[in-house]
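Only one structure is covered here, and it is reproduced in the block below.
The values are calculated or read from the model by the stated rules, or taken from the named source; none is laboratory data. Being a predicted model, the structure only gives us computed values, none of them experimental. Positions of Cβ are backbone-derived with ideal geometry, glycine not excepted, and every protein chain shown enters the neighbour counts. What goes into the accessible areas is simple: the full protein's heavy atoms, side chains included, and nothing from ligands, DNA or RNA. Shrake-Rupley method; radii C 1.70, N 1.55, O 1.52, S 1.80 Å.
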Amino acid sequence: MHTRRIGDVEVSAIGLGGMPMSIEGRPDEARSLATIHAALDAGVTLIDTADSYHRDAHEVGHNETLIAKALASHDLGKDVLVATKGGHLRPGDGSWTLDGSPGHIKEACEASLRRLGVEAIGLYQFHRPDPRVPYAESVGAVRELLDEGKIRMAGISNANPDQIRQANDILGGRLVSVQNQFSPAFRSSEPELRLCDELGIAFLPWSPLGGISRAGELGSAYAPFARVAEAHGVSPQRVCLAWMLAKSPFVVPIPGSSRPETILDSLAATELTLTADEIAELDAV
């Protein structure tokens with residue numbers, strides 16, 4: 001498995017996104033555990049989760065609990081960097097709400113610590129800006145968690161370039177990751193990707209294949225990805241992740257998965273080398 005860095009930690013160049021294993025349409029627990037274990041066996045050392053990755057109101061942190069169980073039951077579990085997030089909530093009716101207040105972020109972190117069964121969270125990320133709360137206050141709470149040793153590294157998610165710079169300043173230059181949506185269908189985070197490359201901060205594309213319901217349509221929706229995939233004898237999804245990896249050494253995609261075969265196909269993207277012409281063709285989509 002090829003590796004990249006988040007802060008001072010070396011991780012697999014592609015991580016596993018846990019959300020599909022806990023929200024609507026999720027598989028049974030046995031298949032989710034098999035998916036996580038297959039990823040570990042293939043060399044994954046980064047798993048992304050959040051306290052809001054759950055379906056029903058009474059099961060906040062479902063995905064964190066699932067991941068903790070999977071890691072505890074596998075010999076390689078201790079080698080994994082778990083990245084979780086706080087500040088986004090799901091009331092249980094399918095909607096998403098926000099709470100970026102410092103009090104909530106600190107309470108959410110404490111709850112995540114308990115569910116993950118760790119003394120310090122490897123990477124804690126402020127999930128999404130809350131327009132009702134000054135951004136500096138939300139990130140300031142993350143800084144306090146970092147200073148207190150409750151978290152080992154700090155990141156932000158769904159941030160624009162100004163927020164990235166502001167967060168890095170508030171954290172005293174200790175911002176290690178930015179997790180934004182980025183895929184062939186969602187290219188507006190290019191400026192954030194370029195800024196992370198400039199600053200040496202890991203950029204973690206979420207929904208890199210277009211999302212749970214659309215990942216399988218990538219090839220039919222974007223002909224260049226299908227053409228390049230056919231030339232290499234691989235899936236369009238594998239081409240998509242290889243294209244992202246080629247954009248910057250600081251890009252670490254975190255495709256979501258709920259099947260062993262899909263995460264294994266995604267991980268094979270680290271072995272796929274695209275030509276300059278192919279990359280240019282895909283960039284033009």
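Looking at (1) over 14 Å from the mean Cα position of the chain (by Cα); (2) of a type outside the set (Phe, Trp, Tyr); (3) in a loop (DSSP other than H, G, I, E, B), which is the only condition Pro208 fails?
(1)
Residue under question is Leu123, and the condition is that it be aliphatic (A, V, I, L, M), open to solvent by 40 Å² or more (accessible area, probe 1.4 Å), under 20 Å from the mean Cα position of the chain (by Cα) and at pLDDT 95 or above; does it hold?
In short, no.
Can you tell me how many residues in the stretch 73-89 are of a type outside the set (Val, Ile, Thr), under 20 Å from Ser32 (Cβ atoms) and part of a strand (DSSP E or B)?
Number satisfying all stated conditions: 3.
Have a look at Gly17, Gly77 and point out the one that is under 15 Å from the mean Cα position of the chain (by Cα), at pLDDT 95 or above and surrounded by 16 or more Cβ atoms within 10 Å (Cβ to Cβ).
Of the residues listed, the single one that is under 15 Å from the mean Cα position of the chain (by Cα), at pLDDT 95 or above and surrounded by 16 or more Cβ atoms within 10 Å (Cβ to Cβ) is Gly17.
Got at least one residue in the stretch 40-51 being in a loop (DSSP other than H, G, I, E, B), more than 29 Å from Cys240 (Cα to Cα) and at pLDDT 95 or above?
no
With (1) modelled with pLDDT under 95; (2) under 20 Å from Met153 (Cβ atoms) as the list, and Val82 as the residue in question, which single condition is left unmet?
That leaves (1) as the condition not met.
Answer with yes or no whether Leu195 is modelled with pLDDT of 95 or more, among the aliphatic types (A, V, I, L, M), surrounded by fewer than 22 Cβ atoms within 10 Å (Cβ to Cβ) and not in a strand (DSSP E or B). Steps first, please.
Details: modelled with pLDDT of 95 or more: yes; among the aliphatic types (A, V, I, L, M): yes; surrounded by fewer than 22 Cβ atoms within 10 Å (Cβ to Cβ): yes; not in a strand (DSSP E or B): yes.
Yes.
Do we find a residue being of a type in the set (A, V, I, L, M, F, W, C) and open to solvent by less than 20 Å² (accessible area, probe 1.4 Å) anywhere in the stretch 83-93?
Looking for residues that are of a type in the set (A, V, I, L, M, F, W, C) and open to solvent by less than 20 Å² (accessible area, probe 1.4 Å), one finds at least one in the stretch 83-93, hence yes.
Condition check: at negative phi, more than 17 Å from the chain's Cα centre (by Cα) and surrounded by 23 or more Cβ atoms within 10 Å (Cβ to Cβ). Does Val178 satisfy that?
Judged against the criteria, Val178 is not a match.
Where residues in the stretch 272-282 are assigned to a helix (DSSP H, G or I) and without any contact (Cβ under 8 Å) to a residue 12 or more places away in the chain, which of them is most open to solvent (accessible area, probe 1.4 Å)?
So in the stretch 272-282, the residues assigned to a helix (DSSP H, G or I) come out as 276-282.
Still in the list and also without any contact (Cβ under 8 Å) to a residue 12 or more places away in the chain: 276-277, 280.
Numbers: Ala276: 80, Asp277: 125, Ala280: 57 Å².
Checked the stretch 272-282; the qualifying residue most open to solvent (accessible area, probe 1.4 Å) is Asp277.
Residue by residue, here is whether (1) touching a helix residue (DSSP H, G or I) at 6+ places or on another chain (Cβ under 7 Å); (2) not hydrophobic (A, V, I, L, M, F, W, C) holds:
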{"position": "Glu119", "(1), (2)": "no, yes"}
{"position": "Leu123", "(1), (2)": "no, no"}
{"position": "Ser138", "(1), (2)": "yes, yes"}
{"position": "Gly155", "(1), (2)": "no, yes"}
{"position": "Leu175", "(1), (2)": "yes, no"}
{"position": "Ser189", "(1), (2)": "no, yes"}
{"position": "Ser207", "(1), (2)": "no, yes"}
{"position": "Glu217", "(1), (2)": "no, yes"}
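Please go through the stretch 120-140 and give me each residue that is of a type in the set (Gly, Ala, Ser), without any contact (Cβ under 8 Å) to a residue 40 or more places away in the chain and within 30 Å of Asp79 (Cα to Cα), ordered by number.
Ala120, Gly140
Give the residue that is nearest to Asp283 (Cα to Cα), with candidates limited to residues of the stretch 211-253 that are open to solvent by less than 10 Å² (accessible area, probe 1.4 Å) and part of a loop (DSSP other than H, G, I, E, B).
Among those that are open to solvent by less than 10 Å² (accessible area, probe 1.4 Å) and part of a loop (DSSP other than H, G, I, E, B), it is Ser248.
Looking at the stretch 6-26 only, could you name the residues that are not acidic (Asp, Glu) and not in a strand (DSSP E or B)?
Scanning the stretch 6-26 gives Gly7, Ala13, Ile14, Gly15, Gly18, Met19, Pro20, Met21, Ser22, Ile23, Gly25, Arg26.
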